[in-house]
Amino acid sequence: MEKQDLATARRQLRSRNIKSRKRALKVLHDARRQATKAKA
């Protein structure tokens, strides 16, 4: 299992591997969703 922090996800977005990119995008989307929920 790979790390699921934001820095790793941002780095994986530049990956050639499509699955890694999609996984990273999901991590970032979830993090942003949590941030907006906490703010509201």
Give the angle, between 0 and 90 degrees and rounded to the nearest 10, that separates the Cα long axis of helix 18-39 from the longest principal axis of the Cα atoms of the chain. 10 degrees
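Evaluate the charge dipole of the chain about its Cα centre and quote only its size in Debye, nearest 20, assuming +1 on the Cβ of each Lys and Arg and -1 on the Cβ of each Asp and Glu.
Charge dipole, the chain, about its Cα centre: 180 debye, nearest 20.
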At q = 0.16, 0.21, 0.23 Å⁻¹, base-10 log of I(q)/I(0) for the chain (Debye sum, equal scatterers on each alpha carbon): -0.39, -0.60, -0.68
Which cross-chain or sequence-distant (5 or more) residues have an amide H under 5 Å from the amide H of Gln4, H modelled 1.01 Å from N in plane? none
Report the net charge of residues surrounding Ala38, where surrounding means a beta-carbon distance below 15 angstrom and charges are Lys +1, Arg +1, Asp -1, Glu -1. +3
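Values quoted throughout were computed directly from the atomic coordinates according to the rules given, and no laboratory measurement underlies them. Everything quoted here is computed from the prediction, not taken from an experiment. A quick note on method: Cβ atoms are made from the backbone with ideal geometry, for glycine too, and the neighbour counts reach across all protein chains shown.
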